[in-house]
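Before we start, here is the structure in question, set down as C-alpha cells.
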Amino acid sequence: MVDWIMTCVSTVSFSLSVNGNLCGYFKGRRGLRQGDPISPYLFTLVMEVLSLLLHKAADQHPAFRYHDKCKQQKIINVSFANDLFLFVNPDMVSVKVMRDTLELFTRLSGLTPNLVKSTMFFVTSLLW
C-alpha cells in the first residue's frame, strides 16, 4: 500500500497551460501539494491510522478516562478537512496517554503537528 501511494505521489508530472495550449511537462519532486486531488484520501487514510492508535492506547491503559461527554460512544478524536480534534478527560494519565500516542504517530508517519497553529483547551464537563 505504501509503495502504491509513493508511486502515485512521486511519478506525477505537470504541464503548463499558456493561452489554452499545453506547454511541456515537468516532473513533481516534492510530493503532494495543497489542492492535490489525492490529498483528502491520504488525509483520511492517515487519520484512520491515528484513530486506531489512540483507541488501542486507551484500551491498553486502565487508568485512561474518556471525556465525560464522549465516554458513552468512546470518542477520542474527530477529523475534518485538515483539522484534528482530540477529546480526553483532563487528568494527567489520560493526557499523557494521548501525548505519548501522538509522539508515536509522529515517529511512525513522519508527520509533525504545527505547534504555532495548534491550540489546546482543558475543559471539565462542569462547564458544559
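Tell me the residue from Ser17, Ser13 that is loosely packed, with under 10 Cβ neighbours inside 10 Å, among the hydroxyl-bearing types (Ser, Thr, Tyr), in contact with a Lys or Arg (Cβ under 8 Å, 6 or more places away or on another chain) and without any contact (Cβ under 8 Å) to a residue 40 or more places away in the chain, please. Step through it out loud before you land on a result.
Details: Ser17 fails: in contact with a Lys or Arg (Cβ under 8 Å, 6 or more places away or on another chain).
Criteria check complete, one pass: Ser13.
For a quick check of your reading of the model, give me the residue pairs whose first member lies in segment 39-55 and is among the hydroxyl-bearing types (Ser, Thr, Tyr), whose second is open to solvent by 40 Å² or more (accessible area, probe 1.4 Å) and modelled with pLDDT under 95, with beta-carbon atoms closer than 9 Å and at least 6 apart or on different chains.
Once the first residue is among the hydroxyl-bearing types (Ser, Thr, Tyr) and sits in segment 39-55, its partners that are open to solvent by 40 Å² or more (accessible area, probe 1.4 Å) and modelled with pLDDT under 95 give Ser39/Leu32; Ser39/Arg33; Ser39/Asn82; Thr44/Ser79; Ser51/Ser79.
Looking at segment 7-45 only, could you name the residues that are outside any loop (DSSP other than H, G, I, E, B), within 26 Å of Leu102 (Cβ to Cβ) and at pLDDT 75 or above? Quick ask: steps written out before the conclusion?
The initial filter retains those residues of segment 7-45 that are outside any loop (DSSP other than H, G, I, E, B), namely 7-10, 13-18, 21-27, 39-45.
Then drop every residue that is not within 26 Å of Leu102 (Cβ to Cβ), which leaves 9, 39-45.
Across segment 7-45, the qualifying residues are Ser39, Pro40, Tyr41, Leu42, Phe43, Thr44, Leu45.
Right, something else. Please enumerate the residues belonging to segment 53-95 that are in a helix (DSSP H, G or I), within 19 Å of Thr119 (Cβ to Cβ) and of a type outside the set (A, V, I, L, M).
Filtering segment 53-95 down to residues in a helix (DSSP H, G or I) leaves 53-60, 92-95.
Next cut, within 19 Å of Thr119 (Cβ to Cβ) only: 54, 94-95.
Within segment 53-95, just Ser94 meets the criteria.
What are the residues in segment 46-78 that are under 18 Å from the mean Cα position of the chain (by Cα), loosely packed, with under 13 Cβ neighbours inside 10 Å and closer than 16 Å to Lys96 by Cα, if any?
Lys56 - this is the single residue of segment 46-78 that is under 18 Å from the mean Cα position of the chain (by Cα), loosely packed, with under 13 Cβ neighbours inside 10 Å and closer than 16 Å to Lys96 by Cα.
So if I check each of Asp91, Asp83, which one is among the acidic types (Asp, Glu) and either in contact (Cβ under 8 Å) with a residue 60 or more places away in the chain or open to solvent by less than 60 Å² (accessible area, probe 1.4 Å) (or both)?
Values: Asp83 fails: either in contact (Cβ under 8 Å) with a residue 60 or more places away in the chain or open to solvent by less than 60 Å² (accessible area, probe 1.4 Å) (or both).
Every option except Asp91 fails the conditions.
The values are calculated or read from the model by the stated rules, or taken from the named source; none is laboratory data. Everything numeric here is computed off the predicted structure, so don't read it as measured data. Neighbour counts are summed over all protein chains in view; Cβ atoms, including those assigned to glycine, are modelled from backbone coordinates with ideal geometry. SASA here: full protein model, heavy atoms, side chains in, ligands and nucleic acids out. Shrake-Rupley method; radii C 1.70, N 1.55, O 1.52, S 1.80 Å.
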